[in-house]
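S.K.: Shown below is the structure under consideration.
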Amino acid sequence: RRLFALDLQGNFGGMQLLVASSDKSPSDEKWNKRAMYPWLQSLFLFVARHIKHYLEGVADGRLPDQLVLPYETTDVLAEGSDDRKRPDLGLGIRSCSQGIGPIGGRTEYAGALAIVEAKGVYAKGAGKPDEPHHRLEALSLEAPQPEQVGTAADEPRLKLDAPTRDAFEQLFTYTRQVYPNQCNWQFVRGISQSRAETRVCIFVNNGTIASHAMDLHALDGRCQFVQLLVDWSLCELLLLGYDPTIEWLDGLKCWQIDVPSIATDTDALPDASSVSSATPYYFSRTYVEADHLFGRHTHCFPATMQKPGAPVSDENPIMPDAVVKDAWPYVEHGNVDRGELGEIAFLKTIRQTLAESNLACHLPTIHSGGQMHMKIDGQL
């Protein structure tokens, strides 16, 4: 208990300037973004120590063994980047058994849970003029209302000052890099920090949902942000945005993706029983990467049903015999009653046409239209 208190005291000293009330907060000239990095790291570590202390007290195996921790090195080129831009700070997930502390080294897009972009106070005359920018929707974290999201033709509803707007703009740029480096995401998230105001974004296929501003100077704002970090640590990976049908096999140094088995091309879609008929495929590289922040996030993997018998390497590569296309369409077409997408119906037409051709034995076979089932809290 005494060691726990000492660790907390060390982290509290680092984050005190970030969460101090207005009469004790830094003067404007001290709100430098680089000065804010260790304050933010201390805040994340402070919360993580409390969560670890709680999980050790419960120790019944019912809660996930995961902590949200900051990367150690800030404002450097991230591992896996395809440009020269430098994210301010990255957050990753580690097991409680790995201890409490910053994740060593620079941010890795292949392991990042979220990117944090911070802005301090602009010098007089610096920054960009206030003008409408990315369309964002301010929603309450406690009671999000998706129907409030307007169309692209709507005027921007979230008025942002220059530092906050620039933080969002850079957050968009950096978060894009997560998708090509991690193929097992359904959606990703990010954090914008403008002085003591924190906003959290969720990036979905066709837009961005931004939270209201959580003021870390105010008790309510601190409680909301801490509650969010606790939720990230205690919720299932599926709810964090991970796709449970794609899994990295560390022992074999390759990925496994569950592909639904399609027995026929009849109008009947598979029911819940197809969850047990999914076929695992294995791959270690991609033909097509999802390199856009929005859209279907399409990946194509050269894969095989043959599970590797040893870790995949240059000397022991995977020999693909199929190409798996994985995408997240967000608009339904075709026979909506069947819940089928137009693309799937089109691929089935191609398959049936080729099957009737004299060249059928020389052409690839297309399997499409299966349903994958996921479980939340044990429920299908």
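The values are calculated or read from the model by the stated rules, or taken from the named source; none is laboratory data. Here the structure is a predicted model, which is why all the values come from computation and not from measurement. Cβ sites come from the backbone with ideal geometry, for glycine too, and all protein chains shown count toward neighbours. These accessible areas exclude ligands, DNA and RNA; they are computed on the full protein's heavy atoms, side chains included. Shrake-Rupley method; radii C 1.70, N 1.55, O 1.52, S 1.80 Å.
S.K.: Among the candidates GLY111, GLY127, GLY104, which residue alone is modelled with pLDDT of 85 or more and under 29 Å from ALA20 (Cα atoms)?
M.R.: Being modelled with pLDDT of 85 or more and under 29 Å from ALA20 (Cα atoms) holds for just one of GLY111, GLY127, GLY104, which is GLY104.
S.K.: Out of (1) out of contact with any Phe, Trp or Tyr (no Cβ under 8 Å at 6 or more places or on another chain); (2) modelled with pLDDT of 75 or more; (3) within 20 Å of ASN206 (Cβ to Cβ), the odd one out for HIS297 is which?
M.R.: So the condition that HIS297 fails would be (1).
S.K.: Let me ask you something else. Kindly indicate whether ARG94 is in contact with a strand residue (DSSP E or B) (Cβ under 9 Å, 6 or more places away or on another chain) and among the charged types (D, E, K, R).
M.R.: The answer is yes for ARG94.
S.K.: Additional query: Could you check region 214-225 and list, in sequence order, the residues that are open to solvent by 30 Å² or more (accessible area, probe 1.4 Å) and touching a Ser or Thr at 6+ places or on another chain (Cβ under 7 Å)?
M.R.: Scanning region 214-225 gives a single hit, HIS217.
S.K.: What are the residues in region 86-104 that are open to solvent by 30 Å² or more (accessible area, probe 1.4 Å), over 17 Å from ILE191 (Cα atoms) and out of contact with any Lys or Arg (no Cβ under 6 Å at 6 or more places or on another chain), if any?
M.R.: If the condition is that a residue be open to solvent by 30 Å² or more (accessible area, probe 1.4 Å), over 17 Å from ILE191 (Cα atoms) and out of contact with any Lys or Arg (no Cβ under 6 Å at 6 or more places or on another chain), then ARG94, SER97, GLN98, PRO102, GLY104 are the ones that fit.
S.K.: Can you tell me which condition PRO270 does not meet? The list is (1) touching a Pro at 6+ places or on another chain (Cβ under 7 Å); (2) modelled with pLDDT of 85 or more; (3) farther than 17 Å from ILE257 by Cα, and all the others hold.
M.R.: Answer for PRO270: the failing condition is (2).
S.K.: Please go through region 43-71 and give me each residue that is modelled with pLDDT under 85 and part of a loop (DSSP other than H, G, I, E, B), ordered by number.
M.R.: Once the filter is applied, which keeps residues that are modelled with pLDDT under 85 and part of a loop (DSSP other than H, G, I, E, B), region 43-71 yields ALA59, ASP60, GLY61, ARG62, LEU63, PRO64, ASP65.
S.K.: Could you check region 188-212 and list, in sequence order, the residues that are of a type in the set (A, V, I, L, M, F, W, C) and either open to solvent by less than 40 Å² (accessible area, probe 1.4 Å) or out of contact with any helix residue (DSSP H, G or I) (no Cβ under 9 Å at 6 or more places or on another chain) (or both)?
M.R.: VAL188, ILE191, ALA196, VAL200, CYS201, ILE202, PHE203, VAL204, ALA210
S.K.: Continuing with this model, one more query. Any idea which of (1) touching a residue at least 60 places away in the same chain (Cβ under 8 Å); (2) of a type outside the set (A, V, I, L, M, F, W, C); (3) surrounded by 15 or more Cβ atoms within 10 Å (Cβ to Cβ) is the one ASP82 doesn't satisfy?
M.R.: All conditions are met except number (3).
S.K.: Condition first: part of a strand (DSSP E or B), touching a Cys at 6+ places or on another chain (Cβ under 9 Å) and either closer than 18 Å to GLN177 by Cβ or free of Cβ contacts under 8 Å to residues at least 24 places away in the same chain (or both). Now tell me which residues in region 284-330 satisfy that.
M.R.: VAL288, HIS299
S.K.: Only one of these conditions is not met by LEU240: (1) open to solvent by 50 Å² or more (accessible area, probe 1.4 Å); (2) closer than 16 Å to PRO64 by Cβ. Which number is it?
M.R.: Answer for LEU240: the failing condition is (1).
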